[in-house]
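The values are calculated or read from the model by the stated rules, or taken from the named source; none is laboratory data. What you see is a predicted model, and the numbers here were worked out from it, not measured in a lab. Virtual Cβ from ideal backbone geometry, glycine too; neighbours counted across all protein chains shown.
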Amino acid sequence: MFASDGGWHLRDLGSLNGTHLNGEQLRADRPLRPLDEVRVGRTRLMFIDEMGQLSDLPKAAPRPAEKIDGLEIRKRLGQTRYQSDAPSTPPDPVTVRADARVAPNQAVGVLYRLALDMAAAANNDALCALAADAVFRATPAEVAAILAFKDGKELELVAHRVRGTGPPTYHKVSQFVSSEVMGDKQAVLAENVAANRTLAERDSIAELKVASLICAPILFDDKVLGLLHLYRTSPHMPLNADDLEFTLAVARHLGTVWHKLARTTNLSAVNRNLKSLLKIESEIVGESEPLQKIEGQIVRVAETKATVLIRGESGSGKELVAWAIHQNSPRRDAAFVCLNCAALTETLLESELFGHEKGSFTGATERMIGKFEAADNGTIFLDEIGEMALSTQAKFLRVLEGHPFERVGGNVAVKVDVRVVAATNRSLEEAVRNGTFRRDLFFRLQVVQLDVPPLRDRLDDVAALADHFLKKFVRETGRKIKGFTPSALVKLQGYRWPGNVRELRNVIERAVALGAAGTHIDAADIWLSELDISLGVAGGYKPELLDDVEKRHILETLKHTDWNKSKAAAILGIERSTLDRKIEKFGLVK
């Protein structure tokens, strides 16, 4: 279609099935006139210059009112005329007064604007607010509200709008009306509600003197996500069949976008965790016998629902084992949520795990769902589980046993279906003996135990891992490095790697960033921990406490980095918070 001589013309560009104008195949350029029909394949289009050229859609013949349990329902609706194709250039949406309603063509414009705005909604609350605004603009409703199923089975108010002439607050739709809508999954229109004497003692309908109401289900794939409810208390200009049509159209569109937004949020959480894992390594790399053993265990345990406890030294790849378990499990399409229990204080850890209500503590400016809710139907990975406080352990144990929990500062029971994979680099048995870890929680976690081998026990994988990290950092930096010299590989494979795979990753990253400007990384480009080198020199065995070795190594690393704790933690392959605790434990000072 193109503009020429002050009008619009139609041209076929050699399409296989041809273009038809008013039933005739197009052979040459033809001018377009209002209400011309254009058919391309199975698609039919109508050309108009302005919205006023569209005729009003036919209205259904009136049906007799239906009385159920004293409530007169004027009309039920499962489909809406607004689900037909909308025109391509709608007018700007308009705002109506409480005693007026928009014309059908203007209502289409409101729906079109709603669709555009919904596409940019950042969260579910914003989405519902847009829908409530749209219903308010296009109908004379005095009160409009959206309710959602949250925390199980109860309907909870998400958004509502009240006109100046209406009551100051929203009163929830009656249980009878909501049950009817959820049962039949059809929108209902009820007129002359206040005149029904049988409803006088039922609920807030009589108290508010509701004159007419509409209630529509918010659906996706035949599942009710919530309700869209609006009513008028004034008997003048009651809600009618046109308002019902429009409300159902909004509810249907809201249900679709609601579901897609929830899935997008879920995928975003998975993506964030994937990016976090990619900072360690992109996949489990290697062919050594210890690695093949752990991969075989992952495949067998992934298909079960068992809680898994992953043990291994810091930096050995426990996070990737947890991710592999999730990816090979029936929960692979749901969220995989990670949380480091050592990185947060006791109060913050409980809030992160279970969520909190607005105002539950200083800084809680809004409600936040916890990691358990975010991982519903998926997997939650709790790293450094041994650092969890005893008070949090008790609440965590109840969730593991299938009990519901409450958000911090809340009183609503939340029940989730989550598989727990935990990890630790410390002796939980010793923590149980010392009274810092619950015995019952220990046994509940250790249903299946996977032991990740340290890198020194699979030195055959060092070359493959080094090459994997080299390719990763070469892509990121654009360096023209092709590989390692033989002397560099000998140096890498002769080292014991106290920091495991994480330390190897850091060594290769440093070599790529600061190494010589050649095509291969040489032995001189590889910086290794002086502590481990010193342990390998001649001189025989020296009895020494492990704490003394760790204390000395941490102090030497801090001196090497001029007490830059972030750099020191990276070299040591531990979290910054873990380094702070060890500095305090050993009483290290600059």
* Failed condition for T485, given (1) surrounded by 14 or more Cβ atoms within 10 Å (Cβ to Cβ); (2) at pLDDT below 90; (3) farther than 20 Å from S316 by Cα, with all others met? -> (2)
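Do the conditions hold for L445, that is, is it under 30 Å from G483 (Cβ atoms) and not hydroxyl-bearing (S, T, Y)?
Numbers: under 30 Å from G483 (Cβ atoms): no; not hydroxyl-bearing (S, T, Y): yes.
Here the answer is no, as L445 does not meet what is asked.
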* Structure fact -> Restricting attention to the range 415-450, the residues that are over 20 Å from A342 (Cα atoms) and of a type in the set (D, E) number exactly 2
* Structure fact -> Subset of the range 406-424, residues in contact with a Lys or Arg (Cβ under 8 Å, 6 or more places away or on another chain) and modelled with pLDDT of 90 or more, comes to R419, A423, T424
* To do: Would you mention how many residues in the range 16-42 are under 19 Å from Q53 (Cβ atoms) and assigned to a loop (DSSP other than H, G, I, E, B)?
  => 6
* Structure fact -> When (1) part of a loop (DSSP other than H, G, I, E, B); (2) in the same structural domain as V490 (by TED's automatic domain parsing) are applied to F437, the one that fails is (2)
* Regarding R479, is this residue assigned to a loop (DSSP other than H, G, I, E, B) and in contact (Cβ under 8 Å) with a residue 40 or more places away in the chain? -> no
* State whether the residues of the range 399-419 include one that is part of a helix (DSSP H, G or I), touching a helix residue (DSSP H, G or I) at 6+ places or on another chain (Cβ under 7 Å) and under 30 Å from N123 (Cα atoms). => yes
* Asked: With respect to L441, is the statement that it is in contact with a helix residue (DSSP H, G or I) (Cβ under 8 Å, 6 or more places away or on another chain) and under 20 Å from W323 (Cα atoms) true?
  -> no
* Does the range 442-454 include one or more residues that are over 18 Å from F396 (Cβ atoms) and part of a helix (DSSP H, G or I)? -> no
* Among (1) more than 18 Å from the chain's Cα centre (by Cα); (2) surrounded by fewer than 24 Cβ atoms within 10 Å (Cβ to Cβ), where does A120 come up short? -> (1)
* **Tabulated pairs, the range 243-260, first on the phi > 0 side of the Ramachandran plot, second surrounded by fewer than 23 Cβ atoms within 10 Å (Cβ to Cβ) and part of a helix (DSSP H, G or I), C-beta under 9 angstrom, 6+ apart or interchain** => none
